[in-house]
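Worksheet: the structure to be examined is printed underneath.
Any read-out appearing in this document is the output of simple, stated calculations on the displayed coordinates, not a laboratory observation. Since this is a predicted model, take the numbers as computed values, not measurements. Don't worry about glycine lacking a Cβ; one is built from the backbone with ideal geometry, like all the others, and counts go over all protein chains shown.
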Amino acid sequence: MSDESGSPESPVRAFGEEIKYAREARGWSQAALADKLCCQQPYVSKVETGQQLASAQFAEQCDKVFGTPGVYARMRQRAADAGNPVWMIPYLQLEREAADVCDYSPVLVAGILQTPEYAEALYRAARPGDATAQIKQRVQDRMRRREVFDGSKPPSFWVILHEAVLWSGLGGADVMRGQLRHLVAVSEHPRITVQVLPFGGAPPRGTPFILLRQQDRTEVLYAESFVQGQVHDQSEAVAEARGTYERMRANALSLDGSLSLIRHVMEAYEYEHHPRPHPRDMGEVQLQRRERRNLRRMGPRIHGLRRRPRP
């Protein structure tokens with residue numbers, strides 16, 4: 001499908017036009033449809049004109065109102081996936097249907113846990129030649145992955161971050177503080193667990209990978225290369241990756257220890273321009289905090305010279 005200029009039509013705009021056709025076929029105004037969908041008329045207008053991709057809830061309600069079970073929900077999902085690389089779409093489909101997701105990230109924060117500011121800094125560093133509008137669109141596409149936690153059966157998401165990720169300084173101190181603050185916040189979600197694999201030895205694997213267990217208990221492996229990512233279902237590869245992940249989970253900090261480390265790094269970005277990796281002994285962390293406070297309080301003291309009176 002193409003627009004009048006001959007260029008391919010945006011999937012977001014195509015979805016909006018289908019909603020408009022269905023509405024007009026029933027003789028409804030935008031306000032009338034908005035009332036049936038329990039939303040506002042301006043929102044319907046933005047969806048129909050392609051200015052905004054409808055939410056998953058909007059599409060599901062349209063299926064109920066128009067009597068088209070699953071049609072608009074699937075169309076909306078295809079529009080949401082269209083902004084991602086073709087090779088990543090199979091993974092996104094598996095992620096939405098998974099019961100458990102185990103992610104190992106040795107270099108970057110897992111995509112689904114990234115803040116908009118962190119994702120934008122990442123895209124600007126990786127693709128410096130892209131226009132601002134392109135980068136903003138990629139960030140929006142990445143943020144939509146969070147919708148997986150809004151479903152009726154969200155997956156259990158377990159992520160292991162290497163400690164180097166926390167100290168990377170991607171985007172600067174402000175961006176990193178916001179990202180680490182977000183990691184602490186999402187750790188309170190009942191379906192999200194974050195662990196940190198600390199310095200002190202080479203990690204079992206230097207590249208990221210993800211294990212996904214489906215509802216029927218089958219398991220697949222998603223691994224990325226320099227060019228693209230790929231889904232593997234060979235039993236040997238999956239078993240090897242599962243063994244590697246379990247070893248890393250055993251060697252990682254405890255859940256409380258991981259959160260303490262994340263908070264420590266966040267505090268380091270608050271007070272230092274060049275944060276230092278934290279010591280393995282958490283007792284030393286408390287000592288360093290006291291030392292920083294003492295340094296701020298003490299400071300050099302300069303006494304004025306008192307002139308001796310002349311006789």
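How large is the convex hull of the Cα atoms of the stretch 87-291 per residue, expressed in Å³ as a whole number?
On the way: hull volume 26.0 nm³, N = 205.
Convex hull volume per residue, Cα atoms: 127 Å³.
To the nearest 0.05, what FRET efficiency results for Ala125 and Tyr271 with a Förster distance of 25 Å applied to their C-beta separation? Show your work: numbers first, answer last.
Details: r = 25 Å, r/R0 = 0.99.
Calculated value: 0.50.
Students often get this wrong: which residues of the stretch 163-200 have the backbone nitrogen under 15 Å from the point 7 angstrom along Cα-to-C-beta of Asp100?
191-194, by backbone N distance to the label point.
Taking the Cα-to-Cβ direction at Ala237 and at Ala32 and moving 7 Å from each Cα, how far apart do the two end points lie in nm?
Calculated label separation equals 5.4 nm.
Which value, in debye to the nearest 20, describes the size of the charge dipole of the stretch 152-246 about its Cα centre when Lys and Arg Cβ atoms bear +1, Asp and Glu Cβ atoms bear -1, and nothing else is charged?
Working: 8 positive and 10 negative charges, 62 e Å.
About 300 debye.
Report, in listed order, any pair from Lys46/Lys136; Lys20/Lys64; Lys20/Lys153 with a Cα-Cα distance greater than 26 Å. The partial results should precede the final answer.
Values: Lys46/Lys136 18 Å; Lys20/Lys64 16 Å; Lys20/Lys153 31 Å.
The pairs that break the limit, which is 26 Å between Cα atoms, are Lys20/Lys153.
Measuring from label point to label point, each 7 Å out along Cα→Cβ, what is the Ser225 to Thr49 span in nm?
4.5
What does the highest-first list of 49-59, 234-244 look like by mean Cβ count within 10 Å?
Numbers: 49-59: 18.2, 234-244: 13.4.
Listed from highest to lowest mean packing, they are 49-59, 234-244.
What are the residues whose amide H is under 5 Å from the amide H of Asp100, where those residues sit 5 or more places off or on another chain and H is modelled from the backbone?
Under 5 Å from the amide H of Asp100: Ser156, Arg213.
Starting at 0 and stepping by 10 Å, how many percent of the alpha carbon pairs of the stretch 67-167 end up in each bin?
Taking all Cα pairs of the stretch 67-167, the binned fractions are 13, 41, 35, 10, 1, 0 percent.
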